[in-house]
Amino acid sequence: MILREILSAGFLGLAMFFFLVTAVGLFRFRSSYARLHIAGKCLTGGALSSILAYLVVAPRAAVFARLVIAALLLLFTNALGTHAIARGAHHTGVDIDTLESNSMEGTPFDPRRGPR
Amino acid sequence: MRRTLALLISGSIVALGVTTLMLTGTLSDAIRPVDYTLRTVRDTGAINAVTAILFDYRALDTLGEATVIFAASSVLAFLAPRSSASMLSVRLSMLILYGIAFLLPFIMVFGFGTIVFGHVSPGGGFTGGVMLSSSVVIFAVVYSVGGQQSYVLPILVKKYVENAAMFVFVSLGFIGLFSGGAYLANALTGIPLGEPGSLLSGGLIPLLNIATGFKVGMGLALIIISLFAE
Amino acid sequence: MIWVTLALVTLLVVIAFYAVICRSVIAAIVAVGVFSFVVSAIFVALRAPDVAMTQAVVGAGLTTAFFVIALDKTEAADDQESR
Amino acid sequence: MLAPTILTGAIVLTGCAFYGLITHRHMIRLVICLNILDSAVLLVIVLLGYEPDAAAPIVRQADLQYVLGLPHALSLTAIVISACTTALMLGYAVRVHRLRGTVYVDRLTRWRG
């Protein structure tokens, strides 16, 4: 019992590390594709780690099965969503070296000017 | 000028609220919850007290709520002209098309499961219906590239399903009236309640759950299709 | 548990401030989606799992889709006006 | 301790939403502010039934203390209704934009001859 709880705490620590890396990366990177990259990779890792942390202390078999299905679907949909957003950004003309502003205000959307 | 006025008004709202809170204490001190949850299980046979309240004690309110959804979808369908506008101008990649096709059955099964198991676990007709309609959103976004708005169900079929679910709900209420109870009565009409906690329990509650789920799902799907076609 | 809820309420207020203050509309829409998720987490802390599920599905899924569709419709016609 | 925190949060959210409702002129921003106001009201309603050290209102054992289920049912109805009204308001906004060419409220009130 003790071993499972220690393992669960370790997985939670791993998830915290992944989420921290994701947050830092989202603020530090300036290009859209780099931000999508860190959102697709490290966020999946963090979510999977936090699911694993509950998986090792799951009380019943039904909870275990649901968590496995949730983990598989998460692994699938996160990559799919990142791919869709990146493809949409590519089609609307966001370049690989277009840097975004990091300010709190955000830039007002101007359809005539466009990102390029 | 306007910003100053807004700051003044919202600041006075916050100050007034916090002052009232500090003067009167918290709400939980004033109102003591009475424990009637166990009585809910005895009365209706459903172990989820929220579903029991929604579909037994306050079932008439649920009927009115379904009417509100019906009215909203009617008004939106009246506003939208029947044009074949499409959301996207870019063709989606093969990865997304086949990935969503793999993913959609899971979403639908989850929605139907939430509806059917509504009286023994968290969930119910409203939540499951919204999940079903979100699968319609995915259909409309992903598979409506060529201006074809509803890929799986035509709009007319959605309307018929919505009306049929409403009819089933209303006529299930008449069972209680004909057997000597009130409208939408459950246990008073002599329907066997079953063992609490099993799937076949709660008398009329699972049937009303299913009818409400189809009603809410198809109503919200019609609203979404109308917003798309606007 | 109490500290988690306190942190969630603080996060909620910050997100609401950002959704009201920020300049671009699409940022406000995304902020409202995140807002709904935080509200549903608070509902879980208040022991209301039904309300939390419904809030997560409606607020973060359906309402965000409504907003994005409406913004797309209004801005597409703004481009034609070209004032 | 939990109830005053959430009540204060709801009051601040109300002030926030009113600030947005007064300052903004974009219709979709107004609908967003109404959504925030709605969520603040829902928090207070759900808090009405809360009791410390009580379980969620799904009866699995007979000797537990459960939170009140009635506010949950009412707020469940309110959430779905708020989704419907949001869709209705957005539909009107799109319609107004198609008819008058703008989504800004102060440009709508100007007389066009």
Total residues in the stretch D:29-46, condition surrounded by fewer than 23 Cβ atoms within 10 Å (Cβ to Cβ) and either hydroxyl-bearing (Ser, Thr, Tyr) or more than 19 Å from D:Ala78 (Cβ to Cβ) (or both)
2
Selection status of D:Ile28, modelled with pLDDT of 90 or more, within 22 Å of the chain's Cα centre (by Cα) and more than 7 Å from every other protein chain (Cβ to nearest Cβ)
no
Tabulated pairs, the stretch B:103-122, first away from chain C (no Cβ under 12 Å) and part of a helix (DSSP H, G or I), second of a type in the set (Phe, Trp, Tyr) and surrounded by fewer than 16 Cβ atoms within 10 Å (Cβ to Cβ), C-beta under 9 angstrom, 6+ apart or interchain:
B:Leu103/A:Phe76
Of the conditions (1) at pLDDT below 85; (2) in contact with a helix residue (DSSP H, G or I) (Cβ under 9 Å, 6 or more places away or on another chain); (3) of a type in the set (D, E, K, R), D:Arg60 fails just one. Which one is it?
(2)
Go through (1) at pLDDT below 90; (2) within 11 Å of another protein chain (Cβ to nearest Cβ); (3) open to solvent by 70 Å² or more (accessible area, probe 1.4 Å) and name the single condition A:Pro111 misses.
(3)
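So, C:Asp72, is that one more than 7 Å from chain D (Cβ to nearest Cβ) and among the acidic types (Asp, Glu) or not? Before the answer, list the steps.
On the way: more than 7 Å from chain D (Cβ to nearest Cβ): yes; among the acidic types (Asp, Glu): yes.
Taking the combined requirement at face value, the residue satisfies it.
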Under 7 Å between Cβ atoms, which residue pairs at least 6 apart in sequence (or on different chains) link something in the stretch A:1-30 that is at pLDDT below 95 with a partner that is open to solvent by 90 Å² or more (accessible area, probe 1.4 Å)?
A:Arg30/A:Leu99
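The values are calculated or read from the model by the stated rules, or taken from the named source; none is laboratory data. Source: prediction; values computed, not measured. Positions of Cβ are generated from backbone atoms using ideal geometry, with glycine treated the same way; all protein chains shown enter the neighbour counts. Note: areas computed on protein heavy atoms with side chains; ligands, DNA, RNA excluded. Shrake-Rupley method; radii C 1.70, N 1.55, O 1.52, S 1.80 Å.
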